[in-house]
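A quick write-up on the structure given underneath.
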Ligand SMILES: Cc1cc2nc3c(=O)[nH]c(=O)nc-3n(C[C@H](O)[C@H](O)[C@H](O)COP(=O)(O)O)c2cc1C
């Protein structure tokens, strides 16, 4: 029987256990540069088999929220290097989640105050988070403009450069954020992609940008250091598609030959119902994985959304390789030790999740602390 606490290798990355810290945006990086607080926050959580960082913008255009970090400039690389050094000093492993928000942004966060970009000029109908004069507030996302065909190679290049920067910053690898209604997910789904060129219409066309991005990153840093996050049915940020199964089965066929380190699947609505469905039939996650394996895919299978210890143990004993925990890691820096002894668990303070200082970030006690 496989346990959550058994070691495993994800591509080139040796993990001490099968417990991952899911990516968690915390809005504490003013000027898009992680601070000393990030060094402490992530090193406190180094007992996770794998840390996936908070979503991190690949470019200024990829920004959609106040005070989220980036990985496009030399200063950001220097700041992240201190984080990866601290995690490695404690024996942990850490990959960075590479993010372009697409239409989930606000003019005020974009270069020159311009419109955010998207596959098509369709507003996300969701909210983003702004901080003005130190005060945080939620605001409607702005109307995006459709990306020109000629701009798409530049987006792929921004991902490639971000992946190179990540390795220079000492990360063990990257997770491509292709979930939760952000840019790559916007291209994948018919609700947000109304293009009539080679990047819209058919499933093959809608998946094209994501496939190009993953291939460019694999070429740059190696498949053994590359993972991807997908959320086949989530409605997050206005994501919608009535036929997710054939879409994501096609995505699996494209990813299978690449030999990625891991595939990270959010089951259901992110942070919500695990049995959430888009379209007429429940999504078949086992079928998705079986199709991936049948196509020769060998990446580790990481699952997420609403897992507790019992559900996670069941999953790794069946067919998942790694379980990612989100909210539990906010308030429990030593989550693996707590899972091992069946708790107790600290409760997160809802008022200090997005933005702010050390309170609610680095001050949650470890067991015996
Ligand atoms: C505060 C917060 C921030 C999040 N930030 C991100 C993010 O940056 N990238 C991402 O892919 N998902 C993000 N998520 C989703 C989580 O990674 C995870 O999918 C979700 O919380 C469900 O897992 P859980 O039930 O273990 O918390 C965030 C969730 C929360 C609660």
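Taken together, the values in this text are just the output of simple stated rules run on the coordinates, not laboratory data. Source: prediction; values computed, not measured. Virtual Cβ from ideal backbone geometry, glycine too; neighbours counted across all protein chains shown.
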Task: Gain in span if fully extended, residue 164 to residue 281, counting 0.36 nm per residue against the direct Cα distance - done: 38.1 nm
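Cut-off is 10 Å between beta-carbons; in what order do 54, 151 appear when sorted fewest neighbours first?
Working: 54 23, 151 11.
Ascending number of Cβ neighbours within 10 Å: 151, 54.
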- [ ] Evaluate the distance, in nm, between pseudo-label points positioned 7 Å from the Cα of residue 12 and of residue 157 along their respective Cα→Cβ axes.
- [x] 2.5 nm
Task: Cβ-Cβ FRET estimate between residue 337 and residue 2, R0 fixed at 22 Å, reported to 0.05 - done: 0.70
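Of the listed peptides 180-193, 83-96, 14-27, what is their order by residue-averaged count of other C-beta atoms within 10 Å, with the highest listed first?
Numbers: 180-193: 24.8, 83-96: 20.1, 14-27: 22.3.
Ranked by mean Cβ neighbours within 10 Å, highest first: 180-193, 14-27, 83-96.
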- [ ] Report the calculated FRET efficiency for residue 133 and residue 349 (r = Cβ-Cβ distance, R0 = 22 Å), to the nearest 0.05.
- [x] 0.45
Open item on the list: How large is log10 of I(q)/I(0) for the chain at q = 0.11, 0.14 Å⁻¹ when the intensity is taken from the Debye formula with one equal scatterer per alpha-carbon?
Closed with: -0.69, -1.20
TODO: Would you mind calculating the gained length between residue 148 and residue 108 on full extension (0.36 nm times residue separation, minus the Cα-Cα distance), in nm to one decimal?
DONE: 12.3 nm
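By per-residue mean of other Cβ atoms within 10 Å, what is the highest-first order of 328-335, 155-162?
Result, highest mean first: 328-335, 155-162.
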Task: Between region 85-141 and region 151-195, the alpha-carbon center distance in angstrom - done: 13 Å
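When only C-alpha pairs under 8 Å and at least 6 residues apart count, what is the relative contact order of region 196-269, in percent?
Details: 72 pairs, mean separation 29.1, N = 74.
The value is 39 percent.
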Task: Percentage relative contact order, region 234-369, counting C-alpha pairs under 8 Å, at least six apart - done: 20 percent
Task: Coarse-grained scattering of region 267-369 at q = 0.11, 0.13, 0.18 Å⁻¹, given as base-10 log I(q)/I(0) from a Debye sum over alpha-carbon atoms - done: -0.46, -0.62, -0.98
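With all pairs of different alpha carbon atoms counted, what Kirkwood hydrodynamic radius in Å does region 91-222 show?
Details: mean 1/r = 0.0637 Å⁻¹.
Over region 91-222, the inverse of the mean reciprocal pair distance is 15.7 Å.
Arrange the following residues from fewest to most other Cβ atoms within 10 Å of their Cβ: 301, 80.
Values: 301 20, 80 28.
The most exposed by this proxy come first: 301, 80.
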